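As structure tokens, the structure follows; a few thoughts come after it.
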Ligand code: SF4
């Protein structure tokens, strides 16, 4: 029997390694030829795999590391060396992946034993036994998980008497606030070698220099300690804020390590809760962080599992425009969007409000095909995997599906103005809707509501938005439509 570890299953204490005789890691390149992945994403995955190989060997495992074009090519070599071998694999969360891998193994005369994915706290069986309705509600799932895991609980009630602290977590920092330091993990020789090979071997999109992501278990643990010590406290109140020139603010930057398996969800949750118990972080920050890891991360995985393959093809609003070239990093005068895209280009990362309220919001209002936006997130972000980007982009980001959201997360420039310092330094006027220098978000927002009225007016909590639209007379609506058409043309031509 051989344990087959995929490139995002790298925790050295994973249960799949229990009593392992041998370990197989396959570094396949064909998938990376299909999309212009961010070089730091490819570098991160391949460097983390190579470091995991060395760490497992040091720990005494007999590790075979195969570099090949495809999994099939590597498995040909494996079964030539070990005919009829049984491979033990943690069930991968991507739709159809387990079945595809089983077929690759069985067609070569081997067998595949699948075990639970311990990178998540809630198994498919547990979720399905709990969930007996039609829709998916995050808040219900989150409270169930808090009780089930005994996290921040006082008996059957949440500690402090509140399940969430959203009201305290929507602040913007004062002008003299300095974000806490960002940890940098300088590449060692093996990582540098890997990054050089990626830059030479693949057609990529994004900046290949400046790589500073954790690639080992030890670095990931350092990143966790650093977050808890320096960033967890301000994370809560400023988690929805955007500040010019700052890509990280107080966000944890742990998602790439969690999704590679370098960190387990329970250990990061315990570290945050421990900080609260030591009075080293306030409850609103700790609860906000636990909500992301124990709530949203797990919830997304199950919504994806239960709604694929329909999810990835859905669009309630039937949008089909190509993503405008500004998403390729060609620049725009829209300061909020220019910053968010450049954060992705430079590091393969933007925080969740930039993802939701700038990058997805603009693509939604512009009318871009949600599937293309999903692909863009998938190849551009260091922490992106199908199970996490697909429900996030198609559900929260673009309202292509209403399986777990009751309204689109769209807004005019007003939201960005409230939550950032971008608008004061922008070439566009956030208070204007029409006219040459009017903030593009404004006309696009009203035009979006007008355009999709038939689908959206009766949906969830859209009444207030439509009551504002109803106050606009024909002349105003006509000027808005004209301005929205001009913006779309300029965006398409790269002149926004
Ligand atoms: Fe963004 Fe509009 Fe504000 Fe400019 S004015 S930063 S485009 S929201």
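The values are calculated or read from the model by the stated rules, or taken from the named source; none is laboratory data. Worth saying up front: this structure is predicted, and the values here are computed from it rather than measured. Ideal geometry is used to build each Cβ from the backbone, glycine not excepted, and the neighbour counts take in all protein chains shown.
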For residue 64, indicate whether it is touching a strand residue (DSSP E or B) at 6+ places or on another chain (Cβ under 6 Å), touching a residue at least 12 places away in the same chain (Cβ under 8 Å) and closer than 30 Å to residue 327 by Cβ. no
The conditions are (1) within 16 Å of the ligand (Cβ to nearest atom); (2) farther than 18 Å from residue 357 by Cα, and residue 460 fails exactly one of them. Which is it? (1)
Residue 54: passes all of (1) crowded, with 19+ Cβ neighbours inside 10 Å; (2) under 28 Å from residue 210 (Cα atoms) but (1)
Of all residues in the stretch 328-350, count the ones that are more than 15 Å from the ligand (Cβ to nearest atom) and either free of Cβ contacts under 8 Å to residues at least 60 places away in the same chain or crowded, with 24+ Cβ neighbours inside 10 Å (or both). 3
Could you please find all residues in the stretch 403-456 being more than 10 Å from the ligand (Cβ to nearest atom), assigned to a loop (DSSP other than H, G, I, E, B) and under 18 Å from residue 360 (Cβ atoms)? 403, 404, 405, 406, 407, 408, 409, 410, 452
Cβ-Cβ below 6 Å, separation at least six or inter-chain, first residue in the stretch 404-429 and within 24 Å of residue 451 (Cβ to Cβ), second within 9 Å of the ligand (Cβ to nearest atom) and assigned to a helix (DSSP H, G or I): which pairs? 412/441; 412/442; 413/441; 413/442; 416/336; 417/423
Residue 488: passes all of (1) in a helix (DSSP H, G or I); (2) within 16 Å of the ligand (Cβ to nearest atom); (3) crowded, with 23+ Cβ neighbours inside 10 Å but (3)
Subset of the stretch 120-136 [surrounded by 14 or more Cβ atoms within 10 Å (Cβ to Cβ) and touching a helix residue (DSSP H, G or I) at 6+ places or on another chain (Cβ under 9 Å)]: 120, 121, 122, 124, 126, 127, 130, 131, 136
Just to be sure before I move on: is residue 493 more than 31 Å from the chain's Cα centre (by Cα) and more than 24 Å from residue 392 (Cα to Cα) in the structure I sent? no
Taking the options 247, 233, name whichever one is surrounded by fewer than 23 Cβ atoms within 10 Å (Cβ to Cβ) and in contact (Cβ under 8 Å) with a residue 60 or more places away in the chain. 247
Residues of the stretch 384-402 being surrounded by fewer than 20 Cβ atoms within 10 Å (Cβ to Cβ) and assigned to a loop (DSSP other than H, G, I, E, B), which ones? 385, 402
Just the residues that are at positive phi and at pLDDT 95 or above, please, taken from the stretch 300-321. none
Within the stretch 457-466, work out how many residues are over 15 Å from residue 412 (Cβ atoms) and assigned to a helix (DSSP H, G or I). 1
Output the number of residues of the stretch 67-89 satisfying the condition of being in contact with a strand residue (DSSP E or B) (Cβ under 6 Å, 6 or more places away or on another chain) and touching a residue at least 60 places away in the same chain (Cβ under 8 Å). 5
Restricting to the stretch 160-192, name every residue that is part of a helix (DSSP H, G or I), at pLDDT 95 or above and surrounded by 15 or more Cβ atoms within 10 Å (Cβ to Cβ). 190, 191
Just one of (1) part of a helix (DSSP H, G or I); (2) touching a residue at least 40 places away in the same chain (Cβ under 8 Å); (3) out of contact with any helix residue (DSSP H, G or I) (no Cβ under 9 Å at 6 or more places or on another chain); (4) under 25 Å from residue 392 (Cβ atoms) trips up residue 142, so point out which. (3)
Report yes if some residue within the stretch 305-318 is surrounded by 17 or more Cβ atoms within 10 Å (Cβ to Cβ) and closer than 28 Å to residue 213 by Cα; otherwise report no. no
Suppose we filter 365, 373, 394 for residues that are within 14 Å of the ligand (Cβ to nearest atom) and under 24 Å from residue 322 (Cβ atoms); which single one remains? 365
